[in-house]
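The values are calculated or read from the model by the stated rules, or taken from the named source; none is laboratory data. If you're wondering where the values come from, they're calculated on a predicted model, not measured in any experiment. Please note: Cβ atoms are built from the backbone with ideal geometry, for glycine as well, and neighbour counts cover all protein chains shown. Accessible surface areas use protein heavy atoms only, side chains included; no ligands, DNA or RNA. Shrake-Rupley method; radii C 1.70, N 1.55, O 1.52, S 1.80 Å.
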Amino acid sequence: MAEPGRASRGDLSRLRSGQWLALTAGALVVAALVGVAVSLIALHNLTGARTAVVDRADPARVLSAEYYNGLVNQETGIRGYALSGRRDFLTPFAQGGRDAARARRALQQIADTGDVPRLADDLTTVGVRSTSWHLLYADPVVLSVRRGGSSSQAVPQLQQGKALFDDVRAGFRTMDQHLGAARADARGRLRRAARAAQWAVLFTGFLVLAAAFVASSTLRRVVTRPLAQLARDARRVARGEFDHEVAVQGPRDIVGLSTDVDSMRRKVLAELDVAGAARERLEEQALDLRRSNAELEQFAYVASHDLQEPLRKVASFCGMLQHRYHGQLDERADQYIDFAVDGAKRMQGLINDLLAFSRVGRVGAEHVLLDMDDIAAEAVGNLESAIAEAGATVEVSGPLPEVRGDRSLLTALLQNLIANGIKFRGEDQPRVRLSVAQADGIYTFAVDDNGIGIAPRYADRIFVIFQRLHPKEEYSGTGIGLAMCRKIVEFHGGEIRLEPEGADGGASFRFTLPVPEEDATA
């Protein structure tokens, strides 16, 4: 008896699917090789027949005509020379000889291939007769005329030369007939080879198509259908029908795969309750983590806020001590009081900055469309006294675009970056430039100044909270400004970075903000 859930393997399960694929591929390869072999033989025959016509028979007829024309030119020239004694008639005689010799050499090369029947014999016959014409008529004419002139009795009779050249013409007629017959035979073989090549291509195509059809039918029966059935069963299990048993059919490896899938289904069914309990515990832990993070944020905010009142008292009384008793105690006491006042003020500034830093992303208005020109103007207005005191210039290359965000946070972002350009100034009059570029749905804002700049090795450190590059005696601040800038930019879905070298020799910051959807789709 077969086990429950298992179908009879039958003949298909005797081989693996890879073996079926190998058999099918082998059949296709054999069919293709047979077709290719038949096609190659046909193409070889076609090439030979074409060579016999194009490279042998046709050129032989052309060369035969050139050979004959060269001899005719010689015959015409020697006859004119015999009658008139003028040497200019020897020019066509000599040229005809060269043409005839060149054509004969080319014909001999074709005859040596053996592809043109009787060409070698015809060339021998024509050669013998043309040689006889030269020895018995042409050469004696030249000698006689040179010795005694055209009226010399030593000049052979013209009829004798004509008879000899008629033999040459007869030889050429015979050779031309043989060449025509050879050309007709070669063209016939070319037509037969072309038809054979066509049939070979058709046979190859039919053989490959038939083999492909048989292979496709075999693969569909032994591989595709079993895999499709397995896929349907697996999808039903994936949809949550864990009670559905996976059918087992097809080649041996597919049977094994089906068994494995069914075993996995049984394990999933058995462990489903365990997984549900684990998920519930995980959700409880995630909820506890979110609650803990919220409590930590609230604690940081409350702690910073509650430190304000006692710190204000310390700062107030230290200020009163400095105001009332300055100069009445010794110099060391005045110095201690100054240290206390300065420390209280710096602590107060640090707590204020911490409060502002903790509010980013936690306390704020809803994101709305904002005109960055208005944001920039507000930031510059907030820094009006610092700009006037330093004699700084703030250039806004506008118009700036509209973005979606929190007005107070974006104002603080630009205010911090512009204030840094004014604070960390060099010997020249401070100049801060704000510009923007758009690409791929992103606005990239640039804030460049001509100050002392920042070394590239500090490009990451400057965005970490409480990190300062200069002593507090040289430049005031808490080291939170750029960390707040990064938090504001990331809260709005962008990034901020320091460029390696500013356009004006100072610091160069770039921050990105996404283009609003209504502008991106416009």
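Values for this structure:
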| item | result |
| --- | --- |
| Extension reserve of the Gln95-Ser435 stretch, reckoned as 0.36 nm per residue once the Cα distance is removed | 113.7 nm |
| R0 of 41 Å, Cβ-Cβ distance Thr51-Lys162: FRET efficiency to nearest 0.05 | 0.55 |
| Exposure rank, largest accessible area first [Trp199, Trp133; 1.4 Å] | Trp199, Trp133 |
| Within the accessible area of the stretch 24-116 (1.4 Å probe), percent carbon and sulfur | 61 percent |
| Difference of contour (0.36 nm per residue) and Cα-Cα distance, Ala184 to Ser216 | 6.8 nm |
| Spacing of the two label points (7 Å from each Cα toward its C-beta) at Leu40 and Ala27, in nm | 2.5 nm |
| Residue-span extension gain [Ala459 to Ser132] - 0.36 nm each, minus C-alpha spacing | 107.3 nm |
| Accessible area per residue in Å² at 1.4 Å probe, computed on the stretch 370-433 | 48 Å² |
| Lys267 paired with His323, simple spin-label distance in nm, labels 7 Å along Cα-to-beta-carbon | 7.9 nm |
